[in-house]
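Notes follow the structure.
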Amino acid sequence: MIYEYPVEQITDLVTRPGSTPETRVVSEPWTVKIHRIQRTFTIPTGFEFDLDSVPRLPLVYLLFKGRSGLRAPCLHDWLYRVDSPVCTRLEADLAYWDAMRSFGVPLVWAAFHFLGVRIGGRRAWSKRQ
């Protein structure tokens, strides 16, 4: 089992619809503390993120899309896309796990989403390198 560390919201996440139905945009700076790596980050206004990157396979999409909430995907996408790396890919994925669990995502959905980013996230991570 993956040991969980809390992820704390310092300010509330406020979003608005993004450029596509699958995206949201941060409307006010969102500050969050990731205890696993002992760092606090502020995700800036205007950051666009997808709700969760789920393959568009019919059954998989229907079962898993939107089950990880807004806060965990926003944090994970920001950690993956920030210009200078602030953590490793594994730390970003574990922060996603911690955020999902801290913000109330049930264990089964968190496990599936975590496995999805571990299996399918390498390409997205390497795009920023």
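The values are calculated or read from the model by the stated rules, or taken from the named source; none is laboratory data. Keep in mind that this is a model prediction, so the values were computed, not measured. Positions of Cβ are backbone-derived with ideal geometry, glycine not excepted, and every protein chain shown enters the neighbour counts.
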How many residues, within the range 1-41, are of a type in the set (D, E, K, R) and out of contact with any helix residue (DSSP H, G or I) (no Cβ under 8 Å at 6 or more places or on another chain)?
6
Of all residues in the range 19-36, how many are at pLDDT below 95, surrounded by 12 or more Cβ atoms within 10 Å (Cβ to Cβ) and of a type outside the set (D, E, K, R)?
1
Search result, residues across the range 115-127 that are surrounded by fewer than 20 Cβ atoms within 10 Å (Cβ to Cβ) and either assigned to a helix (DSSP H, G or I) or in contact with a helix residue (DSSP H, G or I) (Cβ under 6 Å, 6 or more places away or on another chain) (or both)
Leu115, Gly116, Arg118, Ile119, Gly120, Arg122, Arg123, Ala124, Trp125, Ser126, Lys127
Is the range 67-75 home to any residue that is closer than 15 Å to Leu51 by Cβ, among the small types (Gly, Ala, Ser) and not in a helix (DSSP H, G or I)?
yes
Only one of Asp77, Asp83, Asp98 that is modelled with pLDDT under 85 and either under 18 Å from Pro6 (Cα atoms) or of a type outside the set (Ser, Thr, Tyr) (or both):
Asp83
All but one of (1) crowded, with 18+ Cβ neighbours inside 10 Å; (2) in contact with a Gly (Cβ under 9 Å, 6 or more places away or on another chain); (3) under 20 Å from Thr31 (Cβ atoms) hold for Gly104, so report the exception by its number.
(1)
Just to be sure, is Glu4 surrounded by 13 or more Cβ atoms within 10 Å (Cβ to Cβ), among the acidic types (Asp, Glu) and modelled with pLDDT under 85?
yes
Report the residue count in the range 76-114 for those that are among the hydrophobic types (A, V, I, L, M, F, W, C) and assigned to a loop (DSSP other than H, G, I, E, B).
5
Quick check on my filter: what residues within the range 42-60 are assigned to a strand (DSSP E or B) and at pLDDT below 95?
Phe49, Asp50
Can you run down the residue pairs with Cβ atoms below 7 Å, 6 or more apart or on separate chains, where the first is in the range 110-129 and closer than 22 Å to Glu4 by Cα and the partner is among the aliphatic types (A, V, I, L, M) and at pLDDT 85 or above?
Ala110/Met100; His113/Met100
